[in-house]
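Derivation of every value follows stated rules applied to the coordinates shown; laboratory data play no part. Note that this is a predicted model, so its numbers are computed, not measured. Positions of Cβ are generated from backbone atoms using ideal geometry, with glycine treated the same way; all protein chains shown enter the neighbour counts.
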Amino acid sequence: MIKKIAIFGSTGSIGSQALEVIKAHPDKFSAEVLTAHKNYELLIEQALAFNPNIVVISDERKYNAVKEALAKTDIKVFGGEDALEEVAAMNCYDLMLAAIVGFAGLKPTLKAIENKKTIALANKETLVVAGDIVMEKAVKNRVPIIPVDSEHSAIFQCLMGETRNRIEKIYLTASGGPFIGRKPNFLVNVKKEHALQHPNWTMGAKISVDSATLMNKGLEMIEARWLFNLKPEQIEVLVHPQSAIHSMVQFEDGSIKAQIGLADMKLPIQYALAFPTRIKNDYPRFNFKKISSFTFEEPDLKTFRNLALAMEALEKGGNLPCVMNAANEIAVFAFLKNRVGFLEMTDIVEKVMSEVPFIEKPVLSDYFESDAEARTLAADIIKL
Ligand code: NAD
Ligand code: MG
């Protein structure tokens with residue numbers, strides 16, 4: 001049986017690597033749906049190479065270009081944001097790889113869950129914003145959510161065979177990003193060119209900046225909270241610059257399981273697409289002789305205040321993680337446009353978190369409203 005994969009966000013870093021995995025295993029997977037926001041040229045190229053059933057270009061202005069380029073094929077072309085949900089509700093695919101970046105991934109993922117499709121989840125913001133609703137819907141519709149984020153994939157893998165055993169705590173490992181050990185007097189001058197250079201992983205622009213500010217680890221704490229049903233105090237971040245141990249689970253007998261591998265996103269992507277099977281591949285193997293030591297340290301919460309803010313959001317819950325996420329998306333966007341400095345991103349997030357009214361038990365519409373309010377406020381602060 002060939003698994004039909006719908007890649008939402010196929011032109012991104014995760015989406016492109018997923019296509020490499022699909023290409024390497026044509027007997028196991030086919031690309032059924034591909035979607036992109038703006039990068040229509042790459043979407044066309046991918047469509048011609050993989051011959052999917054459907055492509056979606058969510059930026060409507062690029063629809064004609066895609067339609068024309070694929071006119072001689074029988075690939076169906078959809079345009080506009082609503083088409084993402086429309087296609088997510090279709091029956092033509094088996095598994096959605098949720099690889100859109102940011103809040104924009106929430107609606108199509110919810111639609112796929114309602115449509116009872118398995119989700120391979122890269123889009124962590126979906127769980128940060130509305131983890132309670134997403135997980136509740138997944139349980140109700142009996143939909144597995146298989147993590148793609150390397151740390152969460154590691155934890156998920158450690159939990160295999162442990163269904164009856166409770167988690168005491170998890171250790172989320174962090175590389176520390178490109179500015180590990182740096183202090184505010186250095187960070188104040190950091191430009192996007194520095195921030196985009198991650199030591200161990202090549203990723204999309206937004207997550208690269210989040211990794212540099214450690215917001216990424218904060219988002220991942222909240223993601224872990226929902227995926228594995230944990231209390232905030234059961235989640236500990238450990239800086240592990242070698243990025244060899246992708247994360248660890250400690251059980252109630254004190255035993256700890258770790259998952260180790262090369263820092264290559266194709267591994268967790270392949271695991272999620274093929275779950276519960278492990279597929280043989282010929283990627284390079286981890287070599288213990290090449291790493292002289294595994295080191296661990298505590299994150300520097302005073303310098304990387306985004307992580308402290310995310311911990312506060314995790315602790316307080318309600319709409320606060322959603323508000324934080326929205327402010328952070330705007331702040332990162334402004335940083336990538338050279339409109340705000342590296343440390344200013346944190347000031348913006350902090351201010352927005354303190355100003356948007358707190359809602360303890362939000363419903364879905366509250367999340368959309370809080371997201372919009374936080375974005376407007378952040379944009380006002382930056383004068384975008
Ligand atoms: P990316 O920026 O490289 O790609 C994002 C994709 O989303 C593109 O296909 C783009 O067309 C699409 N997109 C962007 N804005 C959109 C919008 N408004 N509407 C619809 N589609 C839109 O991002 P990435 O690095 O591939 O990351 C994707 C997601 O996976 C993020 O949530 C990220 O946190 C998560 N993730 C990424 C990595 C990694 O190594 N890149 C690792 C773990 C988790
Ligand atoms: Mg990660």
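Anything in the stretch 258-307 that is part of a helix (DSSP H, G or I), over 30 Å from residue 26 (Cα atoms) and in contact with a Lys or Arg (Cβ under 8 Å, 6 or more places away or on another chain)? List them, or say none.
Here is the first cut: in the stretch 258-307, the residues part of a helix (DSSP H, G or I) are 266-274, 288-290, 305-307.
Then keep just the ones that are over 30 Å from residue 26 (Cα atoms); that gives 288-290, 305-307.
Across the stretch 258-307, the qualifying residue is only 307.
Which one of 112, 130, 83 is of a type in the set (A, V, I, L, M), surrounded by fewer than 24 Cβ atoms within 10 Å (Cβ to Cβ), away from ligand 2 (no atom under 16 Å from the Cβ) and outside any strand (DSSP E or B)?
83
Only one of these conditions is not met by residue 179: (1) in contact with a Gly (Cβ under 8 Å, 6 or more places away or on another chain); (2) more than 17 Å from residue 148 (Cα to Cα). Which number is it?
The failed condition is (1).
Taking into account only those residues within the stretch 144-166 that are outside any helix (DSSP H, G or I) and buried (at least 20 other Cβ atoms within 10 Å of the Cβ), which is nearest to ligand 1 (Cβ to nearest atom)?
Among residues in the stretch 144-166 that are outside any helix (DSSP H, G or I) and buried (at least 20 other Cβ atoms within 10 Å of the Cβ), the one nearest to ligand 1 (Cβ to nearest atom) is 149.
Just to be sure I understand, how many residues within the stretch 315-373 are part of a helix (DSSP H, G or I), under 23 Å from residue 224 (Cα atoms) and of a type in the set (D, E, K, R)?
Matching residues across the stretch 315-373 total 6.
Might you check whether a residue that is loosely packed, with under 15 Cβ neighbours inside 10 Å and in a helix (DSSP H, G or I) occurs anywhere in the stretch 89-100?
no
Listed here are the residues, each with its yes/no results for (1) of a type outside the set (S, T, N, Q); (2) within 16 Å of ligand 2 (Cβ to nearest atom).
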{"site": "137", "(1), (2)": "yes, no"}
{"site": "141", "(1), (2)": "no, no"}
{"site": "147", "(1), (2)": "yes, yes"}
{"site": "152", "(1), (2)": "yes, yes"}
{"site": "158", "(1), (2)": "yes, yes"}
{"site": "164", "(1), (2)": "yes, no"}
{"site": "182", "(1), (2)": "yes, no"}
{"site": "185", "(1), (2)": "no, no"}
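Hey, can you tell me all the residues within the stretch 200-220 that are within 11 Å of ligand 2 (Cβ to nearest atom) and either buried (at least 24 other Cβ atoms within 10 Å of the Cβ) or in a helix (DSSP H, G or I) (or both)?
Passing the criteria: 207, 210, 211, 216, 217, 219, 220.
Would you check which residues across the stretch 19-39 are within 10 Å of ligand 1 (Cβ to nearest atom) and within 20 Å of residue 92 (Cβ to Cβ) and list them?
34, 35, 36
Please work out which one of (1) surrounded by fewer than 18 Cβ atoms within 10 Å (Cβ to Cβ); (2) touching a residue at least 12 places away in the same chain (Cβ under 8 Å); (3) in contact with a Leu (Cβ under 9 Å, 6 or more places away or on another chain) is the condition residue 254 fails and give its number.
Single failed check for residue 254: (3).
Under 8 Å between Cβ atoms, at least 6 apart or on separate chains: pull out the pairs that start in the stretch 203-227 with a residue that is under 19 Å from residue 316 (Cβ atoms) and end on any residue that is away from ligand 1 (no atom under 11 Å from the Cβ) and of a type in the set (Lys, Arg).
225/231
Looking at the stretch 107-133 only, could you name the residues that are within 13 Å of ligand 1 (Cβ to nearest atom) and under 21 Å from residue 229 (Cβ atoms)?
Across the stretch 107-133, the qualifying residues are 109, 119, 120, 121, 122, 123, 124, 125, 126, 127, 128, 129.
What are the residue pairs meeting all of these: first residue in the stretch 47-70, first residue without any contact (Cβ under 8 Å) to a residue 24 or more places away in the chain and outside any helix (DSSP H, G or I), second residue hydroxyl-bearing (Ser, Thr, Tyr) and within 16 Å of ligand 2 (Cβ to nearest atom), Cβ atoms under 8 Å, and 6 or more apart or on different chains?
So the pair list comes out empty.
For the stretch 112-137, what are the residues that are without any contact (Cβ under 8 Å) to a residue 60 or more places away in the chain and under 22 Å from residue 360 (Cα atoms)?
126, 136, 137
Does residue 42 satisfy the criteria of being farther than 23 Å from residue 1 by Cα, within 12 Å of ligand 1 (Cβ to nearest atom) and surrounded by fewer than 22 Cβ atoms within 10 Å (Cβ to Cβ)? It would help to see each step written out before you state the result.
On the way: farther than 23 Å from residue 1 by Cα: yes; within 12 Å of ligand 1 (Cβ to nearest atom): yes; surrounded by fewer than 22 Cβ atoms within 10 Å (Cβ to Cβ): yes.
The answer is yes for residue 42.
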